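To keep things clear, I will list the structure first and then write my remarks on it.
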Amino acid sequence: MNVGTFIVGLLQSGLGNLAAYLAAHVLLCLLPAFFVAGALAALIPQPAITRFLGRSAPKYISYPAAALGGFVLAVCSCTILPLFAGIYKKGAGLGPAITFLFVGPAINILALSYTGVAIGMDIAIARLVLSIAFGIGIGLLMALIFFRDDARHAAEEGDTFAAGEARVPAQNWAFLGLLLLLLIAGTLQIGLLTNSYAQVTLPLQGMDRFQDLLYRLVPFDPSRGEEGVTAQGAILIGLLILIGVSAWRGLTHVDEGFNTWTWVTLGLIVLTLLTAAVRMVPHAGGLDIFFTGKMFAVVLLIGAMAWVARRYFDPFDIQEWLWETWRFVKQIFPLLVVGVFAVGVLRPLIRPEWIQALAGRNTLLGNAAGVVFGVFMYFPTLVEVPIANMFLQLGMHRGPLLAYLMADPELSLQSILITASIIGKTKAWVYVGFVALFSTLAGVVYGTWVDGAPAWRLLLYIAGGLALLVALLMLIGRRRRILHLAEVSSPSRS
């Protein structure tokens, strides 16, 4: 193979990965998440956020609340990012926001259930318990290390609480709840939503040839997590491009008022969500469209949101919501595209046989390799489970496998880039370091238990890890108090 062919193959892999991702994972998952983030920023008063997640909120309230929020939403790593940006902008403390960012994708209830069925409930339970513990621990460490930046952020965004201001109007909660239901309806895989209840056939000749062309343009291998692009996916990508073009004209200055492009954008978004919610099957005679429960749920929820918005909200409130949503899209989506493309380019460079050589035993190196796989071989939520099963069949030890499952939702290239754009490069890389460290330790401890180590040794490892965490918290807390005393006493000396 010459260099030119090799490079073309890598670019094709990157573009194929991007196309498959946009077609399969953005529309019913990421689009509602952006709207939820916009609603948090525009419709929820800041004191209502800082009351439970703010820097001055009691830690025994803020950190469990952040972990519970991540668990309840049960979203993937790409979906949690706009929500993380939304609560951080509204004044959430760095520590609780980081806990929310870590726990959300790590304990996705869908992924946990799938993990238990495909790989074993032992790994699913270990992933759940360790993710909550590590999420809170990493959040505490980040808050202590960057307490000055956190205080500055609180001063800029406001960190005070007044009971009257913290009250959220009932219509705001109703609208936000409908958006969350739209997000859940798009991602929840239950029979009521996935079953088909009606069918129509569009007499579009050549749809089977169009599908074959897409499979040739974007080769895929399900055993490696490569999904390919379906005819429905290609239609959705086309609609997504149209949304981007119209939104640039219709949402950039929507805070100043609605225009024709605004209504075109909203119409395209509704059409896209409905298209994503149906199931399409191309064949020689045309295109079969199956009306699923998910589609009916989307219709009902969008109708309810339109009714609530028209009856209970001023136009300016809706303008602010759309403007905040578009701001998050412009900040996050380009980095997401770059990261997904880069992962597609890098994936063919990692050979499967390396997995067995590096992670076949429960060693420190093997668990670190599992974390590295999580960074460079990122797969969307649920897709990482069959990939993990493939790693297991290729000889990966269950310890490094858990390290991979802990790191995969947190440390993808696109997640790192987007997190850095929200909280800054320094804090982002410290967060990455903590996630890598704790994921590696989780794999070592769990792998030791799998290998049949005595219970006392396992408890010793856990106690040692907790002691290290407590020591770090005490050391950082002591440094924080010393610096605070120095700052307080410095004016008197002058």
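Summary of computed values
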read-out: Net lengthening on full extension, residue 308/residue 12 (0.36 nm per residue, minus Cα-Cα); value: 102.1 nm
read-out: Net charge dipole size for segment 277-320 [Lys, Arg +1 and Asp, Glu -1 on Cβ; Debye, nearest 20]; value: 200 debye
read-out: Most to least packed among 299-306, 361-368, 85-92 [average Cβ atoms within 10 Å]; value: 85-92, 361-368, 299-306
read-out: Mean Cβ count within 10 Å, highest first, over the residues of peptides 410-423, 324-337; value: 410-423, 324-337
read-out: In segment 406-461, chymotrypsin sites (Phe, Trp or Tyr not before Pro) in a DSSP loop with at most 12 other beta-carbon atoms within 10 Å; value: none
read-out: Cα-projected label distance for residue 270 with residue 256, points at 7 Å along beta-carbon direction, nm; value: 2.7 nm
read-out: Reachable lysines from residue 59, criterion Cα separation under 28 angstrom, eight or more residues apart if same chain; value: 89, 90, 425, 427
read-out: Estimated dipole of segment 302-363 in Debye, rounded to 20 [Cβ of Lys and Arg +1, of Asp and Glu -1, Cα centre]; value: 300 debye
read-out: Full-stretch length increase - residue 426, residue 209 - with 0.36 nm per residue and alpha-carbon distance subtracted; value: 73.1 nm
read-out: Extended-chain gain in nm, criterion 0.36 nm per residue less alpha-carbon gap, residue 129 and residue 245; value: 37.4 nm
read-out: Residue 472 paired with residue 316, simple spin-label distance in nm, labels 7 Å along Cα-to-beta-carbon; value: 4.7 nm
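FYI, it's all coordinate maths here, none of it is from the lab. On a predicted model such as this, the values are computed, not experimentally measured, just so you know. For neighbour counting, all protein chains shown are included, and Cβ atoms are generated from backbone atoms with ideal geometry for every residue, glycine included.
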